[in-house]
1. Over the chain, what is the relative contact order in percent, taking alpha-carbon pairs closer than 8 angstrom and at least six residues apart?
2. Reported to two decimal places, what Rg/Rh ratio describes the stretch 98-144 when computed on Cα atoms with Rh from the Kirkwood expression?
3. Take the solvent-accessible surface of the protein heavy atoms, probe 1.4 Å, and return the percent of it on the stretch 232-348 that carbon and sulfur atoms account for.
4. Counting each DSSP H run of 4 or more residues in the chain as -39500 (n - 2.57), what helix-only mean residue ellipticity at 222 nm follows after dividing by all residues, to the nearest 500 deg cm²/dmol?
5. Among G164, Y230, I382, whose Cα sits farthest toward the positive end of the charge dipole of the chain (+1 at Cβ of Lys/Arg, -1 at Cβ of Asp/Glu, about the Cα centre)?
6. Please list 293-306, 125-138 highest first by mean number of surrounding beta-carbon atoms within 10 Å per residue.
7. Using +1 on the beta carbon of Lys and Arg, -1 on that of Asp and Glu, and nothing else charged, what's the dipole of the stretch 153-215 about the Cα centre, debye to 20?
8. Per the Kirkwood treatment, what hydrodynamic radius in Å, one decimal, follows for the chain from the mean inverse distance over all distinct Cα pairs?
Amino acid sequence: MNLPQQVFLRDAMRTLNLTRESLSQRIGCTKRALDTWLLPDESGEFRAMPEMARRFISEILAASASGGPASAQATPAATTTTSIPTAFGRLSHLLSVDQFSRDTAERLFMLADVMQPIARRRKVSRVLEGAVLANLFFEASTRTRLSFASAFMRLGGSVSDTTGFTYSSMAKGESIADTSRTVSGYADVIVVRHPEQGSVAQFAAATHVPLINGGDGAGEHPTQALIDLYTVQREFSRLGKLVDGAHIVITGDLKYGRTAHSLIKLLSLYRHMRFTLVSPPSLEMPSEIVELIAARGHIVTPTDSLAHALPDADVIYTTRIQRERLTGEKIDDFLAAFEINKKAIDQHCRPDVIVMHPLPRDSRPGAHDLHTDLDGDARLAIFRQTDNGVPVRMAIFATLLGVEGLIQRSLRDALWAVPATLGPNDFPVDDLDLPSGR
Ligand code: ASP
């Protein structure tokens, strides 16, 4: 694949574990020049990268590859259920982040970078023309259901879906296995969200059509975690930071929050991480996950004090209280102390912190979830995070359906009008001068 220069450069930085600054020093150009090579083609400040630079970086990559794999700890954790595949690839199911190594996650991100111009509506591709996605959502969803659908349709496929139990034959007592096998006759890939932990693996056991876990109860949400890690990498690239050694603060409902479970496991594939886990009493991270992360050599500090956690955080990943899963925990009196708002961030955090949330945030009075007073602040990355859902999910479909090598030459220009930014509070993220602070 002759990669576009932006994809080539981002991939090189990930593989070599270099920031923009250190890559520019390594190849002897200014950081400003490198930044202009990384901008989208349509940006006024974009510059073509000289062929000599591409060759030089390719040589550095080849030398590093012959010195051993670029990522040291690319060992997927063992899985316990036989129906869970141990790797991610063509026609496999995607059930858990345990299927990923650092290397396979970063390969996927390279493909997501290739998808960016399609997700940004600059290019069109029809590589999945004729293919059908079945979206089976037995629990509430906005982002996951719609972004999977958008990703599939933007690659030329069609989507068929069912929402909730009421209008599916499960309301008539049909088993997971019968439903799964039936849908396999209608679709080329299936996404399932279900309220019971482990249930999506049961769907997968009954089909050879690739099936993706869109969230199984308090279990996992692997595609959200991939989007979250991809977002961290892109934000860090802008800020000149590396994921290795980062301090990640995860707050909120860590007991039932499946996105937090998947994300911390995925981030633990990096080196020397520091995790501070802030939760109200009774909603702490499950001990088996804490033990796994600590056993991988990372520093894990559980606390119930935001003031202790926030100073020197690189990322604050805040989550919603999963009220639909609570089993009598009494938390309402504590919640105010866990709210992430502008005052807490201004008072305790470094100016280059980023604030993330898998969304939805609960904006009802008394919920004390992520406050809206940070809206419009460059440190708030939540809508850059939701936007990244489309290219990452496109990359997942392309890999599962074996068309990843066809994307580049399938691209045509999009013909319709698109706004310069998608929301009133958006920053033009590709601008070189995106503010990193308030
Ligand atoms: N949308 C995420 C999930 O499905 C987070 C949440 O619902 O709070 O897990």
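The values are calculated or read from the model by the stated rules, or taken from the named source; none is laboratory data. The structure displayed is predicted, hence computed values, not measured ones. Here the Cβ positions follow ideal geometry from the backbone for every residue, glycine too, while neighbour counts run over all protein chains shown. For the accessible areas, the whole protein counts, side chains as well, though only heavy atoms, and no ligand, DNA or RNA atoms are used. Shrake-Rupley method; radii C 1.70, N 1.55, O 1.52, S 1.80 Å.
1. Relative contact order of the chain: 17 percent.
2. Numbers: Rg = 14.4 Å, Rh = 13.7 Å.
In the stretch 98-144, Rg relative to Rh is 1.05.
3. Values: 2400 of 4490 Å².
Carbon with sulfur: 53 percent of the solvent-accessible area.
4. Values: 15 runs with 161 residues, N = 438.
Here the helix-only value at 222 nm equals -11000 deg cm²/dmol.
5. Y230
6. 125-138, 293-306
7. Working: 4 positive and 5 negative charges, 19 e Å.
Charge dipole, the stretch 153-215, about its Cα centre: 100 debye, nearest 20.
8. Numbers: mean 1/r = 0.0444 Å⁻¹.
After inverting the pairwise mean of 1/r, the radius is 22.5 Å.
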